[in-house]
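Input: a single structure, listed below in structure tokens.
The values are calculated or read from the model by the stated rules, or taken from the named source; none is laboratory data. Being a predicted model, the structure only gives us computed values, none of them experimental. So basically every Cβ, Gly included, is an ideal-geometry build from the backbone, and we count neighbours across all protein chains shown.
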Amino acid sequence: MQTGTTYDPTISATTTYYVTNETTSTISPLGLATTGTGGYFTANASHRLYFNVVNPVQINSVDVYAATAGVREIVVVNNAGTAIDSASFTAVVGVNTVPLGFVLPADTMYAMKMGDASTVDVYRNSAGAAYPYTVSNLVSLTGSDAGVSPDVYYYFFYNWKAQTPVCASVRVPVTGTVTSPTGIATLSEAAGLKCFPNPSNGMFTIEGLNNENTVEVFDVIGKLVFQTTTQNPTCIIDVRENGKGMYQVRVTDKTTKTVSVGRVVVE
């Protein structure tokens, strides 16, 4: 709904919101940025990249280059070969930036591979890799499982995006309370107030003010378009720059706490 240090909604009834504080970290690239010498691999889904996690890591995405369209799966397994996490995506021909959101604890010999049921047909480098690829104190790609020259082969997953996992506090309820004013009167001569001309061209006058008053004008969607505080018996209002339409005028007597409301038409 909202991120940032402030939130200023317009509400008509008491409403509870929930606030959490999140700490984020820098998102870092990892691995080869793009393809090089090599080709599309179709034989099987067993080949993989090995990596070590030094401290808990969040792998946000990788790029996969597909020769054919269709559903693919990316799987992370641990050093025992057990699947830890996976993500499916529908590939298009060419580059696919695949959202992953994998959060992994510190450990060694993780591997990222295509799912066993996937049609592979994705690109891998057969030369040009230079392991390790490292984000300091976080994660390191250490090699491939190629039978020949594993230190120069690079399988499938390019341009990793990794970071320290987002840390979020427990959600805290914050309630915006709408309270009824002491009294509500119609903005009319019966309340001792005059609003003229009405309709107007956007400039009109309120007469008959007593004490110190706050005068506010809202458009049809509830946006505050004019506000002033005055001790004068007369207040001139100009909303011409806000265009034609119906406006609500609210006058709050700061001494008696009485609120008078009415509508004006701008033509």
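Scanning segment 25-73 for residues that are part of a strand (DSSP E or B), under 26 Å from the mean Cα position of the chain (by Cα) and among the hydrophobic types (A, V, I, L, M, F, W, C) turns up Leu30, Val57, Ile59, Val62, Val64.
Conditions (1) exposed (fewer than 13 other Cβ atoms within 10 Å of the Cβ); (2) closer than 18 Å to Asp121 by Cα; (3) among the β-branched types (Val, Ile, Thr), marked per residue:
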| position | (1), (2), (3) |
| --- | --- |
| Gly36 | no, yes, no |
| Phe51 | no, no, no |
| Pro56 | no, no, no |
| Asn60 | no, no, no |
| Val93 | yes, yes, yes |
| Val98 | no, yes, yes |
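Here's a check for you: in segment 122-133, which residue that is touching a residue at least 40 places away in the same chain (Cβ under 8 Å) and buried (at least 18 other Cβ atoms within 10 Å of the Cβ) is nearest to the chain's Cα centre (by Cα)? Here the residue is Tyr133. Of all residues in segment 159-174, those satisfying the criterion of being touching a Ser or Thr at 6+ places or on another chain (Cβ under 6 Å) and either over 30 Å from Met1 (Cβ atoms) or buried (at least 17 other Cβ atoms within 10 Å of the Cβ) (or both) are Lys161, Ala162, Gln163, Thr164.
Pro181 is checked against (1) assigned to a strand (DSSP E or B); (2) surrounded by 12 or more Cβ atoms within 10 Å (Cβ to Cβ); (3) modelled with pLDDT under 90 and fails just one. What number does that condition carry? Only one criterion is unmet by Pro181, namely (1). Out of segment 207-262, which residues are crowded, with 18+ Cβ neighbours inside 10 Å and outside any strand (DSSP E or B)? Answer for segment 207-262, where residues must be crowded, with 18+ Cβ neighbours inside 10 Å and outside any strand (DSSP E or B): Leu209, Val239. Taken over segment 134-145, the criterion of being in a strand (DSSP E or B), under 30 Å from the mean Cα position of the chain (by Cα) and surrounded by 18 or more Cβ atoms within 10 Å (Cβ to Cβ) is satisfied by Val135, Val139, Ser140, Leu141.
In the set Val57, Val19, only one residue is among the β-branched types (Val, Ile, Thr), modelled with pLDDT of 95 or more and out of contact with any Cys (no Cβ under 7 Å at 6 or more places or on another chain); that residue is Val57.
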